[in-house]
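These notes concern the structure reproduced below.
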């Protein structure tokens, strides 16, 4: 029987994809839990989003961790000292963006207690400890895949995320007709169909109180998997889902990490 892995929180739906493909390819027995309040568009397609308040969910996660062989925490780093204090079992701390960007010193007392520290994009390693590792985000290629060519080869789409002017300038430079969508306005199960109506995805993001994101975002990776071209923060056009973001490749990395942590190596 494979290892029982509890994923706590589901930032950008990444936990669901990791769990789905490690279970499928390597026999892990994964459970993904998050709060409905943090999952407005139904990202937890593999797992459960509970209608808990913050305190109730925190307690639920601690109780459920008792039955797991290993706990993989996403973003919710304040639970790490509790998990290590109560159980001592292996814990992964996985950061995904503004949860750690520029905050490594501030959160030292949390991530330092984890047995393995990961980030989802290389830029997040800046200021981090030597033990931090970048493990790229996986894309669920079961649902994000090419669906034929869009009717307009110069159509583009983007979500409003603090760099509207820059995105509009990039679209103008490339002669694209840009359609804007509001963040969290598209249910997750409708994202493949929505993205596939366009030929380009403009991936320019500036989270509140942070510098522009110099990384390919999760939605942009999903767009690449659907066959769109992506315009990144430098105005470059990229095509094709990188092998590093293939879900089975990412699952293989996580499975090897889990095995090493559980062996005590």
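With contacts taken as Cα pairs under 8 Å at a separation of at least 6 residues, the chain carries a relative contact order of 17 percent.
Starting from the Cα gyration tensor of the range 140-187, take the square roots of the eigenvalues, sort them a ≥ b ≥ c, and report rounded, prolate or oblate (rounded when a/c is under 1.5, otherwise prolate if a/b is larger than b/c, else oblate).
Working: a/c = 2.53, a/b = 1.27, b/c = 1.99.
Oblate shape, in that a/c is at least 1.5 and b/c is the bigger or equal ratio.
Is the chain rounded, prolate or oblate when judged by the Cα gyration tensor, a ≥ b ≥ c being the square roots of its eigenvalues, rounded requiring a/c under 1.5 and prolate requiring a/b larger than b/c?
Numbers: a/c = 1.93, a/b = 1.68, b/c = 1.15.
Taking the square roots of the gyration eigenvalues as a ≥ b ≥ c, the chain is prolate.
Helix 14-26 and the long axis of the chain differ in direction by around 70°, with both axes built from C-alpha atoms.
Overall shape: rounded for the range 155-244, with the ratio a/c of the largest to smallest alpha carbon gyration tensor axis below 1.5.
Each residue in 94, 214 was given a count of other beta-carbon atoms within 10 angstrom of its own, and listing them fewest first yields 214, 94. Per-residue Cβ neighbour counts within 10 Å put 80, 202 in the sequence 80, 202, beginning with the fewest.
Among 159, 58, sorting on how many other beta-carbon atoms sit within 10 Å of each Cβ, with the fewest leading, yields 58, 159. Full extension of the chain segment joining residue 190 with residue 174 gains 3.1 nm, where the gain is 0.36 nm per residue of separation less the Cα-Cα distance. Considering only 84, 218, 173, the mean-square fluctuation computed in a Gaussian network model of the chain, springs between alpha carbons under 10 angstrom, is largest for 173. Taking the longest Cα principal axis of the chain as reference, the axis of helix 247-263 is set at about 20 degrees. Within the range 64-86, find all residues whose amide N lies under 16 Å from a label point positioned 7 Å from the Cα of residue 4 along Cα-to-beta-carbon. Answer for this model: 64-72. Highest-first packing order for the peptide set 117-130, 219-232 is 219-232, 117-130, based on the mean count of other beta carbon atoms within 10 Å.
Gain on full extension, evaluated as 0.36 nm per residue between residue 50 and residue 126 minus their Cα-Cα distance, stands at 24.0 nm. Distance between the C-alpha centres of the range 152-191 and the range 1-42: 29 Å, rounded to the whole angstrom.
At 222 nm, what value in deg cm²/dmol follows for the chain if DSSP H runs of at least 4 each add -39500 (n - 2.57) and the sum is divided by all its residues, to the nearest 500?
On the way: 8 runs with 77 residues, N = 265.
The per-residue figure over the chain is -8500 deg cm²/dmol.
Inter-label distance, residue 238 to residue 181: 1.9 nm, where each label sits 7 Å from its Cα along the C-beta direction.
Just checking the listed ones, 250, 63, 157: in the Gaussian network model of the chain with Cα springs under 10 Å, the one fluctuating most is 63.
Only the coordinates and a few stated rules stand behind these numbers; no lab work does. Model, not experiment: these values are computed from the prediction. Heads up, the Cβs are rebuilt from the backbone with ideal geometry, glycines too, and the neighbour counts pull from every protein chain shown.
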